[in-house]
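What follows is a single structure, written as structure tokens, with notes after it.
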Amino acid sequence: MSERLRIAITKGRLLDQSVKLFEQAGLDCSPIKDPGRRLIHAVPNYPLDAVLAKAPDVITYVEHGVCDLGIVGRDTILEKGGAFYEVLDLGYGKCRFALAVKEGSDFYGTYKTRRIASKYPEVTRAFFEKKGMDVDIIKIEGSVELAPILGLTDAIVDIVETGATLKANGLVPIETVAEVSARLIVNTASMKLYKNQISDFIAKCEAQLEGKA
Ligand code: PRP
């Protein structure tokens with residue numbers, strides 16, 4: 001008898017793209033597309049239940065094994081880390097982490113300790129540690145672009161997709177910190193327990209991605 005797999009999917013843009021991928025793979029996503037306030041939805045024609053969650057919670061649920069699979073951005077994976085298998089680059093949700101400064105400012109042209117604002121302090125820490133550069137990191141919860149404009153920091157590390165937000169606020173990207181896209185992750189125990197079903201699901205997704213390549 002085949003067990004139903006449970007997949008946690010990041011709400012928002014990644015959910016829309018994930019639904020598109022699943023539908024191309026033949027999964028009936030009508031319950032997920034009309035979720036109301038329900039957070040768990042059964043796929044009627046495939047043994048899969050979709051759990052709609054915030055990105056960091058997707059990792060938490062997969063790590064603890066209450067969800068077998070997850071779809072989450074590499075941004076969250078890099079920031080939060082965790083023990084799970086990252087099995088597939090889904091190719092959507094593409095953006096990058098960039099280091100950005102106020103237009104005209106010379107970030108590297110000083111010996112004083114630079115201050116960096118970010119919603120992603122761990123990604124920022126790892127980036128500057130790799131460079132052997134000592135920086136002060138200030139965690140900001142939203143609209144991180146404000147920090148250098150207000151004179152709080154010398155730079156930001158943030159997600160850049162089109163670059164429009166940086167531009168509108170007089171900031172310029174000076175370095176790419178990491179490339180980001182949606183990833184399929186798998187709980188380590190589930191991978192062994194439900195190997196065949198998980199392989200079948202991965203193959204279904206992969207076939208669609210290859211079809212598009
Ligand atoms: C992200 C990021 C930037 C913006 C960049 O915020 O923090 O503000 O997108 O996109 P752009 O390069 O296309 O202008 P998001 O909209 O994801 O909201 P958030 O504050 O929840 O991170």
Checklist line | Flag if residue 146 is open to solvent by 40 Å² or more (accessible area, probe 1.4 Å), of a type in the set (A, V, I, L, M, F, W, C), within 16 Å of the ligand (Cβ to nearest atom) and not assigned by TED's automatic domain parsing to the domain that holds residue 170 | finding: no
Check: So residue 136 clears everything in (1) under 23 Å from residue 77 (Cα atoms); (2) within 15 Å of the ligand (Cβ to nearest atom) except one condition, right? Which one?
Finding: (2)
Item checked: Residue among 156, 149, 185 that is without any contact (Cβ under 8 Å) to a residue 60 or more places away in the chain and closer than 22 Å to residue 56 by Cα -> 156
Check: Of all helices (runs of 4 or more DSSP H) completely enclosed by the range 9-116, which ones contain at least 1 residues that are touching a strand residue (DSSP E or B) at 6+ places or on another chain (Cβ under 9 Å) and closer than 24 Å to residue 195 by Cβ?
Finding: 13-24, 55-63, 74-80
Notebook entry, point to check: Name the pairs: first residue in the range 20-47 and in the same structural domain as residue 196 (by TED's automatic domain parsing), second residue part of a strand (DSSP E or B) and open to solvent by 50 Å² or more (accessible area, probe 1.4 Å), Cβ to Cβ under 9 Å, at least 6 apart or on different chains?
Noted result: 31/42; 40/6
Check: What is the number of the single condition among (1) closer than 30 Å to residue 18 by Cβ; (2) within 16 Å of the ligand (Cβ to nearest atom); (3) hydrophobic (A, V, I, L, M, F, W, C); (4) in contact (Cβ under 8 Å) with a residue 40 or more places away in the chain that residue 126 does not meet?
Finding: (2)
Item checked: residue 162 being within 16 Å of the ligand (Cβ to nearest atom), assigned to a loop (DSSP other than H, G, I, E, B) and more than 18 Å from residue 76 (Cβ to Cβ) -> yes
Item checked: Unique residue being touching a Cys at 6+ places or on another chain (Cβ under 7 Å) and more than 17 Å from residue 104 (Cα to Cα) when the list is 138, 159 -> 159
Margin query: Could you check the range 34-72 and list, in sequence order, the residues that are charged (D, E, K, R) and open to solvent by 60 Å² or more (accessible area, probe 1.4 Å)?
Written below: 34, 37, 38, 54, 57, 63
Item checked: Residue count for the range 176-190, restricted to those that are surrounded by fewer than 21 Cβ atoms within 10 Å (Cβ to Cβ) and either within 15 Å of the ligand (Cβ to nearest atom) or over 21 Å from the mean Cα position of the chain (by Cα) (or both) -> 5
Note to self: Just the residues that are open to solvent by less than 30 Å² (accessible area, probe 1.4 Å) and out of contact with any helix residue (DSSP H, G or I) (no Cβ under 7 Å at 6 or more places or on another chain), please, taken from the range 78-89.
What the structure shows: 81
Check: Looking at 204, 167, which is the one that is more than 24 Å from residue 111 (Cβ to Cβ) and without any contact (Cβ under 8 Å) to a residue 60 or more places away in the chain?
Finding: 167
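The values are calculated or read from the model by the stated rules, or taken from the named source; none is laboratory data. Just so it is clear, the model here is predicted, and its values are computed rather than measured. Don't worry about glycine lacking a Cβ; one is built from the backbone with ideal geometry, like all the others, and counts go over all protein chains shown. Side chains are part of the model used for accessible areas, which takes the heavy atoms of the whole protein and leaves out ligands, DNA and RNA. Shrake-Rupley method; radii C 1.70, N 1.55, O 1.52, S 1.80 Å.
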